[in-house]
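The values are calculated or read from the model by the stated rules, or taken from the named source; none is laboratory data. Model, not experiment: these values are computed from the prediction. Here the Cβ is made from the backbone with ideal geometry for all residues, glycine too, and neighbour counts use every protein chain on show. These accessible areas exclude ligands, DNA and RNA; they are computed on the full protein's heavy atoms, side chains included. Shrake-Rupley method; radii C 1.70, N 1.55, O 1.52, S 1.80 Å.
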Amino acid sequence: MNPVEILDSLRKQLKEVEKELSSPEISSNPDKLMELSKKHAELREIFLLEEGIEAKERELQEWKDLLEFSPPDEQEEIKQTLEHLQKEIEKLHLELKMRLVPDEDSDRNTIVEIRAGAGGEEAALFSADLFRMYARFAERSGWKVDVLDMNETNLGGYKEIVFEIKGKDVYRKLRYESGVHRVQRVPRTESGGRIHTSAATVAILPKATELDVKIDPSELRIDTFRASGAGGQHVNKTESAVRIVHLPTGIAVSVQRDRSQHQNKARAMELLRARLFDMMLQDQMSKMSQKRRLQIGSGDRSEKIRTYNFPQSRVTDHRINYTSYRLAEILDGDLEELVSRLIEADLEIKLKELQERLK
């Protein structure tokens with residue numbers, strides 16, 4: 001969809017804001033001045049981005065014209081430049097659409113929970129693959145990963161692993177990962193060479209603050225216990241692990257990563273707050289229209305969102321009918337193209353709604 005109509009509407013808004021800012025009365029109202037100045041800066045950024053896209057597209061056309069008349073020995077280099085420019089333009093278009101539909105939660109740090117589903121040990125091994133995929137994507141994106149809790153199996157899989165990812169635009173990029181991830185491959189534990197289907201569930205929880213979610217200490221049950229790991233590893237002889245139960249909702253969290261009970265309690269409270277905040281968001285989503293509930297990123301944990309097929313080296317995202325045959329690269333954290341397509345598809349829906357509201 002071409003967001004030209006939305007930009008035209010915002011251009012009118014910019015003129016109105018500039019007119020208000022130039023009025024003599026505005027200097028005597030600091031709060032209004034601050035509000036208008038902020039709005040003006042946001043709108044100017046959008047149009048500077050639009051100008052940047054137009055400049056890149058002019059440059060692209062110039063290189064295309066040059067390619068037509070260039071000698072054969074220079075064409076390969078020009079084609080590489082064209083490919084690079086095209087990718088830059090696509091990124092700028094995506095950035096423009098994200099600016100047109102701002103997301104107040106986009107910059108939140110994120111807690112990720114991966115749980116092995118159907119498939120036993122193979123599902124646990126797949127959970128470990130998914131953890132590595134997100135950890136590598138975080139590394140590529142300049143984000144920081146902090147493991148909060150894990151339940152490791154003897155073969156190195158995870159029945160459950162919970163970790164926090166900190167960085168710019170983490171929630172905006174990862175929010176579409178919530179749901180059931182399915183793997184089709186010959187398990188390490190299978191001697192007959194038969195392909196099995198296993199699954200793991202991923203939950204993406206935006207990190208919440210005390211202002212987002214207020215927790216009454218009297219509604220909590222806090223227990224301590226000894227931490228332990230697979231095969232007796234990392235066994236802690238002191239009761240440093242912490243389990244917190246939120247009595248009104250029954251939500252229970254436990255953290256045993258640190259040797260300090262105080263640190264584990266603080267992490268457990270962060271995890272509990274994130275789950276309660278996510279529950280609030282899910283409740284809001286359920287009250288929205290059917291159209292909004294069905295959009296990408298609705299966070300339905302029971303939805304089968306993606307299949308990783310090893311025999312065909314194929315990854316398919318079922319929500320946007322997208323298939324890639326770069327399974328190894330994707331599992332190594334090369335998620336940028338897939339994430340961009342999911343953001344793009346979600347923004348298309350939101351932009352159409354914005355257009356309707358601006359009419």
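Odds and ends about this structure:
- Among the residues of the stretch 106-120, just one is surrounded by 16 or more Cβ atoms within 10 Å (Cβ to Cβ) and acidic (Asp, Glu), namely GLU113.
- Residues of the stretch 125-137 that turn out to be open to solvent by less than 40 Å² (accessible area, probe 1.4 Å) and either in contact (Cβ under 8 Å) with a residue 60 or more places away in the chain or part of a loop (DSSP other than H, G, I, E, B) (or both), as a count: 8
- Residues of the stretch 221-247 satisfying the condition of being in a strand (DSSP E or B) and either aliphatic (A, V, I, L, M) or at pLDDT 85 or above (or both): ARG221, ILE222, ASP223, THR224, ALA241, VAL242, ARG243, ILE244, VAL245, HIS246
- When residues of the stretch 295-318 are limited to those that are at pLDDT 95 or above and among the basic types (Lys, Arg), the one surrounded by the fewest Cβ atoms within 10 Å (Cβ to Cβ): ARG314
- Selection of first residues in the stretch 188-214 that are within 29 Å of ARG314 (Cβ to Cβ) and of second residues that are among the basic types (Lys, Arg) and at pLDDT 85 or above, restricted to Cβ pairs under 6 Å at least 6 apart or on distinct chains, gives the following pairs, ordered by first then second residue: ALA199/ARG182; THR201/ARG115; ILE204/ARG175.
- When the residues of the stretch 20-68 are filtered to those that are assigned to a helix (DSSP H, G or I) and among the hydroxyl-bearing types (Ser, Thr, Tyr), the one that is modelled with the lowest pLDDT is SER27.
- The residues in the stretch 28-56 that are closer than 26 Å to LEU10 by Cα and either open to solvent by 80 Å² or more (accessible area, probe 1.4 Å) or touching a Phe, Trp or Tyr at 6+ places or on another chain (Cβ under 7 Å) (or both) can be counted, and the count is 10.
- Lone qualifier among ARG194, ARG182, ARG259 - being at pLDDT below 90 and under 22 Å from THR307 (Cα atoms): ARG194
- Which numbered condition SER218 fails, given (1) under 26 Å from LYS304 (Cβ atoms); (2) in a helix (DSSP H, G or I); (3) not charged (D, E, K, R): (1)
- Residue selected from the stretch 138-160 under the condition small (Gly, Ala, Ser) and part of a loop (DSSP other than H, G, I, E, B), by the criterion surrounded by the most Cβ atoms within 10 Å (Cβ to Cβ): GLY157
- Counting only residues that are assigned to a helix (DSSP H, G or I), more than 20 Å from the chain's Cα centre (by Cα) and at pLDDT below 85, the stretch 264-289 holds 1 of them.
- Residues of the stretch 319-343 that are farther than 21 Å from GLU113 by Cα, open to solvent by 20 Å² or more (accessible area, probe 1.4 Å) and either at pLDDT 95 or above or not charged (D, E, K, R) (or both): ILE320, ASN321, TYR322, THR323, TYR325, ARG326, ALA328, GLU329, SER340.
- Annotation note: Cβ proximity below 6 Å between a residue of the stretch 307-322 that is touching a residue at least 12 places away in the same chain (Cβ under 8 Å) and part of a strand (DSSP E or B) and a residue that is open to solvent by 30 Å² or more (accessible area, probe 1.4 Å) and of a type in the set (A, V, I, L, M, F, W, C) (sequence gap 6+ or interchain) occurs for no pair.
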